[in-house]
Amino acid sequence: MQATLRVRQMDRAANRVCAVAAYEDSMTEARINEFCSNLARQLGEACEFNKQMWLLTELRVPRLRAIAALDAAQADLLIVAVHHCEELPAELENWFEQWLAKKANRKTLLIALLDSLHAGVSAGLRTYLENIARKAHAEFLVQSEDGVSYT
């Protein structure tokens with residue numbers, strides 16, 4: 001798995017990885033859980049893997065969004081799982097903006113877990129996430145049923 005390699009290359013103690021994830025519904029939650037289970041298994045038992053999950057509807061509440069942004073600012077991995085869309089939901093955009101303001105110089109891997117191509121094209125979403133990763137000086141990974149790519 002490419003994500004495992006990227007996590008191991010980060011300047012972190014290899015014994016702890018913290019992930020914060022935002023998801024849309026039970027399908028995208030399952031996608032994150034599967035991804036994180038696979039990653040934790042590949043990192044091995046010696047690595048403590050912590051995961052914090054945020055449902056998009058929770059990010060609509062300003063106080064919860066601020067807490068989620070602080071969680072994200074302290075994370076090694078920031079994972080987003082949403083269905084096909086051309087524009088990111090406003091609550092997710094606001095969360096990213098707050099994360100950028102709090103992130104400091106921490107190295108982060110931004111991972112987008114997207115629907116397969118047959119479910120629709122998410123060019124606008126991908127472009128937005130690429131730009132966020134660039135602003136954050138974060139590496140960006142897209143994973144879908146159709147393959148994996150980096151920017």
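If I take R0 = 22 Å and measure r between the Cβ atoms of E45 and H137 in this structure, what FRET efficiency does the formula 1/(1 + (r/R0)^6) give, to the nearest 0.05?
Once the sixth-power term is evaluated, E becomes 0.10.
Subtract the Cα-Cα distance of E87 and R16 from 0.36 nm times their separation in residues, and report this length gain in nm to one decimal.
Length difference between fully extended and current span is 22.2 nm.
If R0 is 35 Å, what FRET efficiency do you get for E130 and R63 from their C-beta distance, rounded to 0.05?
0.75
Hey, which aspartates and glutamates would be in cross-link range of K107, C-alpha to C-alpha under 17 Å, not counting anything within fewer than 8 residues on its own chain?
Partners found: D11, D71, D76, E97, E130, E139.
Read the figures in this text as sums done on the coordinates, not as results from a lab. Everything quoted here is computed from the prediction, not taken from an experiment. Every residue, glycine as well, gets a Cβ built from its backbone with ideal geometry; the counts of neighbours run over all protein chains shown.
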